[in-house]
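The values are calculated or read from the model by the stated rules, or taken from the named source; none is laboratory data. Since we're looking at a predicted model, the values are computed, not measured. Cβ sites come from the backbone with ideal geometry, for glycine too, and all protein chains shown count toward neighbours.
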Amino acid sequence: MKNILLGLLIIITALACDSKKKPSADEISSVLDSVKIEEPSISEDVISDIIQQIPSPLEISTLLKESDTKYDNSYLNDPEKISDYNSNYKKALALGVYGTDLGYTNIYEQNQDALFYLNSIKSLADDLSIGQFFDIGTIKRLATNSKNLDSLLLITTKNFNNINSYLQEQKRSNLSILLLSGGWLEALYIVSRVSEKNPNNEQLKETIAEQKIIMDNVVLLMSFYKDNDPNINQLSNKFTKLQEEFNKIEIKTVYREPTYEVVDGMLVVKDNSTSEIIMDDENIEAIRNQVYAIRENIIN
Amino acid sequence: MKKLIFALGIIFISASVQQTYAQCDTEKHVEACIPKLQSGFTFLKSYNIDGQSGAKDKVEYSYVFTKGATYQIMICNEGSGTDGIVLTLYDSNRNKVASTKYEGSTLSSIAFPCQVTGIYYITYTFEGSSNYCGGSVLGFKR
């Protein structure tokens, strides 16, 4: 707490010295970023358990491709913008965003675009001292041939998993949370854009609504840090408003005993449970608008 | 002299403890497991199964499964069998969804076409295991 007060004091002093020059949001973010974050009172194991529940953004990109929606790189964040991200907070969020964008380009086999994102990811990862997880030579070699898609997906997925584990081991879970939050929000942003363009696609609306479950986890994770980390506190407030929109949606589930068969030595489950999502287009539009606003704030 | 014996004792104990935990190379099992995912499944996550030589009777992870996707979870360890490692999948209300212990045999893989989005618990237990050690991977397809 003392550190936070000290950080705020620095900002106030800077303002007092030159009252005409207001600090930019980035400057404030940068100063707050330099303040050492106290560890949350909750155990790292609990945080790790919640983090690893969050699904890979690749799943949403795969859904988009399978539902025959076309690749559109205007949905993605500009890979050239990395110089705008000048604090660890901004960099970790942007790394998550670019990670999702890379997955999207990979799934659609857009290797040239993938290379741009790989360069940005490597640069941000180096700045966050996690660049060692990217063997950029191997990844670029794989990215030049669409036949290597499986290997490329595997390597990038493993890298992001390893980064998350490493950050948790290094007691830098706050960065891990930002990386995951940025990546999840970007996936939600892309599906929201695609859904807006395809208003009759009910599956896309359901996918947006089902993010309610992940939303709860993301807000929970941020709650562990928001008292000690001013940047996460600000972000958490925005996510909490988005959560309020999600809370207007109801998901009803009915459990029924599954049935089974063994196929080639593998147990294949027939899931007989069902779920129903109670929502309307206004709910989805409200969520979409909040997502667009938060994403705008994250990438700019 | 006492100090020297004490120091050597600490080194010996530390080395023994490290050796005990080094015995379970989960990474090796995970690496072996990834290529065994069925064709069409994309790798998502890997899970370490380290029962610490029997000190732990359960290792549990959780993940949000999405309606409409099919997930494959696979166990790998030394040899061809499962060495008594049993995978049980539970839904968010802890209802049992599936177990690799099925009709008297222990299988190494589950395919789960998910119909309800939610948190699922992936639990590994040990029944007559000799190594208490393995790796597991999660893949998905649409």
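Kindly indicate whether any position in region A:172-191 is surrounded by fewer than 20 Cβ atoms within 10 Å (Cβ to Cβ), in contact (Cβ under 8 Å) with a residue 24 or more places away in the chain and of a type outside the set (S, T, N, Q). Show your work before the answer.
Quick first cut of region A:172-191, residues surrounded by fewer than 20 Cβ atoms within 10 Å (Cβ to Cβ) only: A:172.
Filter again for in contact (Cβ under 8 Å) with a residue 24 or more places away in the chain, leaving none.
No: zero hits.
On the given criteria, is A:S195 away from every other protein chain (no Cβ under 13 Å), more than 14 Å from the chain's Cα centre (by Cα), of a type in the set (S, T, N, Q) and within 16 Å of A:D49 (Cβ to Cβ)? Before you say what the answer is, go through the steps one by one.
Details: away from every other protein chain (no Cβ under 13 Å): yes; more than 14 Å from the chain's Cα centre (by Cα): yes; of a type in the set (S, T, N, Q): yes; within 16 Å of A:D49 (Cβ to Cβ): no.
Taking the combined requirement at face value, the residue does not satisfy it.
Cβ-Cβ below 6 Å, separation at least six or inter-chain, first residue in region A:207-219 and facing chain B (nearest Cβ under 9 Å), second of a type in the set (S, T, Y): which pairs?
A:E210/B:T117
Does region A:22-39 include one or more residues that are more than 22 Å from A:L235 (Cβ to Cβ) and either modelled with pLDDT of 55 or more or in a loop (DSSP other than H, G, I, E, B) (or both)?
no
Kindly evaluate B:S129 against the criterion of being at the interface with chain A (Cβ under 8 Å from one of its Cβ atoms) and over 16 Å from B:V64 (Cβ atoms).
The answer is no for B:S129.
Among the numbered conditions (1) in a strand (DSSP E or B); (2) surrounded by 12 or more Cβ atoms within 10 Å (Cβ to Cβ), tell me where A:K252 comes up short.
Every listed condition holds for A:K252 apart from (2).
Quick check: anything in region B:45-60 over 20 Å from A:D150 (Cβ atoms), buried (at least 20 other Cβ atoms within 10 Å of the Cβ), within 8 Å of chain A (Cβ to nearest Cβ) and under 13 Å from the mean Cα position of the chain (by Cα)?
Taking every residue of region B:45-60 in turn, none turns out to be over 20 Å from A:D150 (Cβ atoms), buried (at least 20 other Cβ atoms within 10 Å of the Cβ), within 8 Å of chain A (Cβ to nearest Cβ) and under 13 Å from the mean Cα position of the chain (by Cα).
Could you tell me whether any residue of region A:275-291 is in a loop (DSSP other than H, G, I, E, B), out of contact with any Pro (no Cβ under 9 Å at 6 or more places or on another chain) and over 30 Å from B:T100 (Cα atoms)?
Within region A:275-291 (the criterion being in a loop (DSSP other than H, G, I, E, B), out of contact with any Pro (no Cβ under 9 Å at 6 or more places or on another chain) and over 30 Å from B:T100 (Cα atoms)), the answer is yes, since at least one residue qualifies.
Consider B:G104 against the criteria (1) under 15 Å from the mean Cα position of the chain (by Cα); (2) on the phi > 0 side of the Ramachandran plot: it satisfies all of them except one. Which criterion is unmet?
(1)
Inspect region A:239-257 for any residue being among the acidic types (D, E) and assigned by TED's automatic domain parsing to the domain that holds A:L64 and give the result as yes or no.
no
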